[in-house]
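Heads up: the structure comes next, in structure tokens.
The values are calculated or read from the model by the stated rules, or taken from the named source; none is laboratory data. Treat the numbers as computed from the prediction; the structure is a model and nothing was measured. Heads up, the Cβs are rebuilt from the backbone with ideal geometry, glycines too, and the neighbour counts pull from every protein chain shown. All accessible areas refer to the heavy atoms of the entire protein, side chains included, with ligands and DNA or RNA removed. Shrake-Rupley method; radii C 1.70, N 1.55, O 1.52, S 1.80 Å.
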Amino acid sequence: MDIGFFTMPIHPIGRDWRETLREDQDAFLLADELGFSEGYVGEHITDLAENITSSIVFLATLAGRIKTMRLGTGTVNLPNSHPAHVAAQIAMLDHLLDGKFNFGISPGGLLSDAEIFGNLDANRNEMFLEGIDAVLKLWTTDAPYNIEGKYWKITTERQLVPAIGQGIVAKPLQRPHPPIVVTAVAPFSKGVSAAAARGWEPISANFLMPKWVATHRDSYDEGCKMGGRPTDFANWRVAKSIFVSEDRQTAYDYARGANSPYVHYFSSLFTKLVKNGRSNLFKEDQNMADSDLTLDHVMDRLVIWGTPDEVADKVLAFREEVGPFGTLVYAGHDWRDPGLARRSMRLMAEQVMPRINAAISSGTAQVKSA
């Protein structure tokens, strides 16, 4: 099992923006140093706590600084941007990162973003599909283009001057395009099946109950069969909020205590998802009333914490519950204590992952049959 990194940082409102951006950059640099295989970053426009407004711009700041890790948008929210803008910016980013780039896409989940961009009442899933199809056509067809959809009409027929390159959208370094990944947040996700059928790969979100993460396995298998491709669960990524410390009490206090950045993260997310009618993501019984849903229950099921041995055992138990997957994506949170946050990532890479992989290799990790 590989280890990756994903952050949709939820920082305390009021922290210096320059400081939190540097902190988020440092988390990626540390992940690269520790041998993480890939790192993704989210984006939102209308959320002061989620301070990264453009995953493309943020990843561009890491160009030349990341040595081995692949980087990915997590995600570009396609209904909120013109496809030509996305195609051109992603093509440039792929070149800046020397082709070590994964293109993460989604319809976007923050409703205040949808409102400010004027698509709150639109069919954003429909916009998403039209948007990615247009991006792919821009990368695989020649100018002047002839892309006409419900939401966008794209051509450069009137201003095309091929001799000087005018009217032509640049293509990415990776051909025909960078690997495409989608974030999966719904139980029994049809989006996972549709993505897999098109050759794309899923990341199961860190805020989805294990019971529902497990359903993505069958969705992915179904989609691969629909697309006529072999099912390889090594391409399935699963995100998880994890904190590791040599001292168990320190681990508990940082992951679950009164000033915990993990509690802050899930408290904010809990409020957003319940308000937006998506409390079902936190429920293992879909008949459960919202009034019976508690933050403690969510934290108990969604945060793994403890000493390296404990965390390894908990990750293996989680893997048994959801089935084998290829990359465990360590979710980034605010560095309330930078020393402890850095130490957790180091322990995860240097002590927890070797324990996990040793158990998998020896066959002592019990898992569902592939």
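Of ILE116, ILE90, which residue is touching a Ser or Thr at 6+ places or on another chain (Cβ under 8 Å) and open to solvent by less than 70 Å² (accessible area, probe 1.4 Å)? Steps first, answer last, please.
Values: ILE116 fails: open to solvent by less than 70 Å² (accessible area, probe 1.4 Å).
Answer to the selection: ILE90.
Hey, among the residues in the stretch 292-303 that are farther than 20 Å from ILE203 by Cβ and surrounded by fewer than 20 Cβ atoms within 10 Å (Cβ to Cβ), which one's farthest from the chain's Cα centre (by Cα)? First the steps, then the outcome.
So the first thing to find is which residues in the stretch 292-303 are farther than 20 Å from ILE203 by Cβ, and the list is 292-297, 299-300.
Remaining after also requiring surrounded by fewer than 20 Cβ atoms within 10 Å (Cβ to Cβ): 292-297, 300.
Numbers: ASP292: 29, LEU293: 25, THR294: 25, LEU295: 22, ASP296: 24, HIS297: 23, ASP300: 22 Å.
Per the criteria, the residue is ASP292.
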Exercise. Taking interchain pairs and intrachain pairs at least six residues apart, which have beta carbon atoms under 6 angstrom, with the first residue in the stretch 227-241 and farther than 15 Å from ARG198 by Cβ and the second polar (S, T, N, Q) and open to solvent by less than 60 Å² (accessible area, probe 1.4 Å)?
Worked result: ARG237/THR327; VAL238/SER204; ALA239/ASN206; LYS240/ASN206; SER241/ASN206
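Considering every residue within the stretch 229-236, establish whether at least one is assigned to a loop (DSSP other than H, G, I, E, B), out of contact with any Lys or Arg (no Cβ under 6 Å at 6 or more places or on another chain) and surrounded by 18 or more Cβ atoms within 10 Å (Cβ to Cβ).
Just the residues of the stretch 229-236 that are assigned to a loop (DSSP other than H, G, I, E, B), to begin with: 229-232, 236.
Cutting the leftovers down to out of contact with any Lys or Arg (no Cβ under 6 Å at 6 or more places or on another chain) gives us 229-232, 236.
Going one step further and asking which of them are surrounded by 18 or more Cβ atoms within 10 Å (Cβ to Cβ), we end up with 236.
Yes; the residues of the stretch 229-236 include at least one that is assigned to a loop (DSSP other than H, G, I, E, B), out of contact with any Lys or Arg (no Cβ under 6 Å at 6 or more places or on another chain) and surrounded by 18 or more Cβ atoms within 10 Å (Cβ to Cβ).
If you check LEU48, LEU71, LEU110, which single one turns out to be of a type in the set (A, V, I, L, M, F, W, C) and either in contact with a Leu (Cβ under 8 Å, 6 or more places away or on another chain) or crowded, with 21+ Cβ neighbours inside 10 Å (or both)? Let's see the steps before the verdict.
Working: LEU48 fails: either in contact with a Leu (Cβ under 8 Å, 6 or more places away or on another chain) or crowded, with 21+ Cβ neighbours inside 10 Å (or both); LEU110 fails: either in contact with a Leu (Cβ under 8 Å, 6 or more places away or on another chain) or crowded, with 21+ Cβ neighbours inside 10 Å (or both).
Of the residues listed, the single one that is of a type in the set (A, V, I, L, M, F, W, C) and either in contact with a Leu (Cβ under 8 Å, 6 or more places away or on another chain) or crowded, with 21+ Cβ neighbours inside 10 Å (or both) is LEU71.
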For this session: Of all residues in the stretch 313-370, count the ones that are out of contact with any strand residue (DSSP E or B) (no Cβ under 7 Å at 6 or more places or on another chain) and of a type in the set (Ser, Thr, Tyr).
Result: 4
Problem set entry | Answer from ALA258, ALA205, ALA239 - the residue that is among the small types (Gly, Ala, Ser) and open to solvent by 10 Å² or more (accessible area, probe 1.4 Å) | ALA258
Seminar exercise, completed: Expected single match for surrounded by fewer than 19 Cβ atoms within 10 Å (Cβ to Cβ) and under 25 Å from LYS211 (Cα atoms) among GLY363, GLY323, GLY339, GLY306 is GLY363
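Quick one: how many residues across the stretch 279-337 are assigned to a helix (DSSP H, G or I) and free of Cβ contacts under 8 Å to residues at least 24 places away in the same chain?
10
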